[in-house]
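The values are calculated or read from the model by the stated rules, or taken from the named source; none is laboratory data. Everything numeric here is computed off the predicted structure, so don't read it as measured data. Please note: Cβ atoms are built from the backbone with ideal geometry, for glycine as well, and neighbour counts cover all protein chains shown. Keep in mind that these areas ignore ligands, DNA and RNA; they rest on the heavy atoms of the full protein, side chains included. Shrake-Rupley method; radii C 1.70, N 1.55, O 1.52, S 1.80 Å.
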2 protein chains.
Amino acid sequence: MAGINRSLVRALPLFNKLSDAELDRLLARATMQRVATGEAVFEQGQKADRFFLLLHGRLKVTQVTADGQQIIVRMVHPGDIFGFAKALQRDDYPGTPTASAESVVICWPTEVWGQFVEQNPHLAVNAMQSIGQRLQEAHTRIREMATEEVEHRVAHAVLRLIEQAGKTESAGIRIDFPISRQDIAEMTGTTLHSVSRILSAWETKGLVEGGRQKLLVRDAASLRLLAEGEAG
Amino acid sequence: MAGINRSLVRALPLFNKLSDAELDRLLARATMQRVATGEAVFEQGQKADRFFLLLHGRLKVTQVTADGQQIIVRMVHPGDIFGFAKALQRDDYPGTPTASAESVVICWPTEVWGQFVEQNPHLAVNAMQSIGQRLQEAHTRIREMATEEVEHRVAHAVLRLIEQAGKTESAGIRIDFPISRQDIAEMTGTTLHSVSRILSAWETKGLVEGGRQKLLVRDAASLRLLAEGEAG
DNA sequence: CGCGCTCGTTGCGCCAGGACAAAGACCCTG
DNA sequence: CAGGGTCTTTGTCCTGGCGCAACGAGCGCG
């Protein structure tokens, strides 16, 4: 498909052991797609006929419960694969990936996955490592939700965000995409109100600097202390 | 290795596309090991040099937090692989699998994994599906912990247990291995006390029947209603 | 067969944090 | 630059469920 930046894809860990020829065959089956901010790539419950790779931008994957509550399952960063339902033995997508920022994805029909793995075991190994890491993260989150109180959980979430999407500025580290208090609440299993209170308190202490859909971490070290230690 | 029940292994979904010859080569590298109740197969933090398959019995995988709190990450059922850290790009085991009942495991050196996947992509695909399901379960648990209150979470946990380890008896469905209130608490992110209160209440309503390390579900349908619906 | 240990039950007080409410602050649009 | 929508802040109240404490019950062991 014309338009896909081949060297960008080439550099992804997921494809690190593929030959150029193999990569080309893979890209030949791919389609590129632009996703505007606020738009969903697909919807929860929809039949899973494609899987995706995020090239640019940022997505948040949400799930809606039966009673309408929403949670953010994870963020998708550039280079991540998502919409992998079929390979995970599901017929429908378990969540909805929505663009938090202007994004570009490429996608393949699900059949392609099986075909390529047969010919190239490395791909499966790499994908498994990537899914394995997601599993680790999920377990970490479960542990946090079970044992830590809200302020610690929010601290951990923010630290994770600057790790995965932090851009160093003169005043500190900025989270590189628009994120609301509501988003952070849905990532940590609390309410918008509690997050707002906590961030305000941190701002008073000089740990962070807020703003509409913005967050700048001034003092990551103190935040880390707060996240780990018992004392605030 | 002598002593491994080949037809039992043959029947596992994980190996469903392997030829008999391939299976034999795999088993040739395996070691069998008996694990007594209460004993750990390995310890959290230990260097991951082997991976495992549970043949018989039941394991609970726990993680301990820095401040000493414990949670149950998941239960391992017969046929499940565990201790997969290396394939997931970790050097050490993230948790401790402890036998809840007399168990038998087989294990391989981690190097074997890479070798076999190269020769047999199906194995990778199967393993990925299995890990994918674990990821789904983890997300489900995260969603529950974020949105549901304790009684609902406990209901879900118990339902999951009878699904994965339920033995139908005349009076209802029994959980087929010793499980304490503390265990259920660690699975649902609450305290032993709350679980005890909840189960007592259910017993009064005739939904379950308790006992020391025992649990019998008398009325799974009502429990399911309680887990899903808003009303108790 | 009685002693001790582990596991389970239950009562009570307290508080983190959720629910509700209302008022700013910021941004886009016409 | 006025108006409306969205996001955020902050206050007040209220409750689920945790912490603490003490007791009861089943099980294994000498």
Suppose the filter is at pLDDT 95 or above, near DNA strand D (Cβ under 8 Å from one of its atoms) and outside the structural domain of A:Val61 (by TED's automatic domain parsing); does A:Leu199 pass it?
yes
Just to be sure, is A:Leu215 open to solvent by less than 30 Å² (accessible area, probe 1.4 Å) and more than 21 Å from the chain's Cα centre (by Cα)?
no
Please pick out the residue among A:Ile142, A:Ile131, A:Ile179, A:Ile162 that is in a helix (DSSP H, G or I), in contact with a Leu (Cβ under 8 Å, 6 or more places away or on another chain), under 27 Å from B:Ala138 (Cα atoms) and more than 12 Å from DNA strand C (Cβ to nearest atom).
A:Ile131
It is to be established whether one or more residues within segment A:105-125 are part of a helix (DSSP H, G or I), of a type in the set (S, T, N, Q) and assigned by TED's automatic domain parsing to the domain that holds A:Gly206.
no
Output the qualifying pairs, or none if there are none: Cβ atoms under 9 angstrom, residues six or more apart or on different chains, first residue in segment B:75-103 and within 12 Å of chain A (Cβ to nearest Cβ), second residue of a type in the set (Ser, Thr, Tyr) and open to solvent by less than 20 Å² (accessible area, probe 1.4 Å).
B:Ala85/B:Tyr93; B:Gly95/B:Thr62
Being within 12 Å of DNA strand C (Cβ to nearest atom), small (Gly, Ala, Ser) and over 28 Å from B:Glu148 (Cβ atoms), is that true of even one residue in segment A:184-195?
no
Within segment B:146-159, of all residues that are within 16 Å of DNA strand C (Cβ to nearest atom) and either in contact with a Lys or Arg (Cβ under 7 Å, 6 or more places away or on another chain) or farther than 17 Å from B:Ile72 by Cβ (or both), the one most open to solvent (accessible area, probe 1.4 Å) is B:Glu149
Name every residue in segment B:133-145 that is crowded, with 19+ Cβ neighbours inside 10 Å and at the interface with chain A (Cβ under 7 Å from one of its Cβ atoms), in order of residue number.
B:Arg134, B:Leu135, B:Ala138, B:His139, B:Arg141, B:Ile142, B:Arg143, B:Met145
Which residues, counting only those in segment A:30-45, are surrounded by 15 or more Cβ atoms within 10 Å (Cβ to Cβ) and over 18 Å from the mean Cα position of the chain (by Cα)?
A:Ala30, A:Met32
What is the one condition in (1) of a type in the set (Ser, Thr, Tyr); (2) part of a helix (DSSP H, G or I); (3) open to solvent by less than 50 Å² (accessible area, probe 1.4 Å) that B:Thr204 does not satisfy?
(3)
Scanning for something in a strand (DSSP E or B), under 22 Å from B:Leu192 (Cα atoms) and open to solvent by less than 20 Å² (accessible area, probe 1.4 Å), does segment B:84-98 turn up at least one residue?
yes
With A:Gly211, A:Gly132 as the choices, which residue is at pLDDT below 95 and within 12 Å of DNA strand D (Cβ to nearest atom)?
A:Gly211
Residue match in segment B:11-25 (condition: within 27 Å of A:Glu137 (Cβ to Cβ), part of a strand (DSSP E or B) and within 14 Å of chain A (Cβ to nearest Cβ)):
no
Matching residues in segment A:120-132 - criterion: being more than 8 Å from chain B (Cβ to nearest Cβ) and either open to solvent by 20 Å² or more (accessible area, probe 1.4 Å) or out of contact with any helix residue (DSSP H, G or I) (no Cβ under 9 Å at 6 or more places or on another chain) (or both)
A:His122, A:Asn126, A:Ser130
In this structure, is A:Gly206 more than 9 Å from DNA strand D (Cβ to nearest atom) and of a type in the set (Gly, Ala, Ser)?
yes
